[in-house]
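Reading through the structure tokens given below for one structure.
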Amino acid sequence: MAEGTVDFQNEVAMQDYVEQREGAYWVAGTRVSLDSIVYGFREGQSPESLVQVFPAVTLEQVYGAVTFYLGHQAKIDAYLQEGARDYEAARQADRWGDRTFYARLATAGPPKEER
């Protein structure tokens with residue numbers, strides 16, 4: 001390669017857009033979960049709208065995260081399904097832990113208007 005030219009292929013390959021921390025996937029260097037980006041992408045949100053929803057990420061990071069997801073789709077889909085199962089199990093355990101509260105909540109009507 002000639003001096004002064006940039007090898008874009010290697011530069012892009014070296015850029016990490018997703019990292020794994022504490023057993024979860026995150027947009028690298030942010031507190032935005034890959035889950036959030038993927039769910040928005042699946043719902044048809046554009047990368048530009050995801051940047052508006054998550055101002056902590058750049059458009060480049062969103063595209064990088066989506067590219068990572070598409071390149072590892074089976075693995076990330078399994079990870080998301082596991083997270084959904086874990087959430088549902090925790091939700092059910094919470095409901096069973098305080099049945100009285102949830103029974104009262106189910107029978108309560110909408111708040112009464114103040115006069």
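Listed values, structure above:
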read-out: Between 0 and 90°, nearest 10: helix 59-71 axis offset from the chain longest Cα axis; value: 80 degrees
read-out: Extension gain from Tyr63 to Ser36, taking 0.36 nm per residue of separation minus the Cα-Cα distance; value: 8.4 nm
read-out: Rounded to 10°, Cα long-axis angle of helix 73-97 versus longest principal axis of the chain; value: 20 degrees
read-out: Descending semi-axes in Å of the chain, equivalent ellipsoid built from Cα gyration tensor; value: 42, 18, 11
read-out: Computed label-point distance, nm, for sites Ala93 and Glu48 using a 7 Å Cα→Cβ extension; value: 4.4 nm
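Just so you know, all these numbers are worked out from the coordinates, no wet-lab data involved. Quick caveat: nothing in here was measured; it's all calculated off a predicted structure. Every residue, glycine as well, gets a Cβ built from its backbone with ideal geometry; the counts of neighbours run over all protein chains shown.
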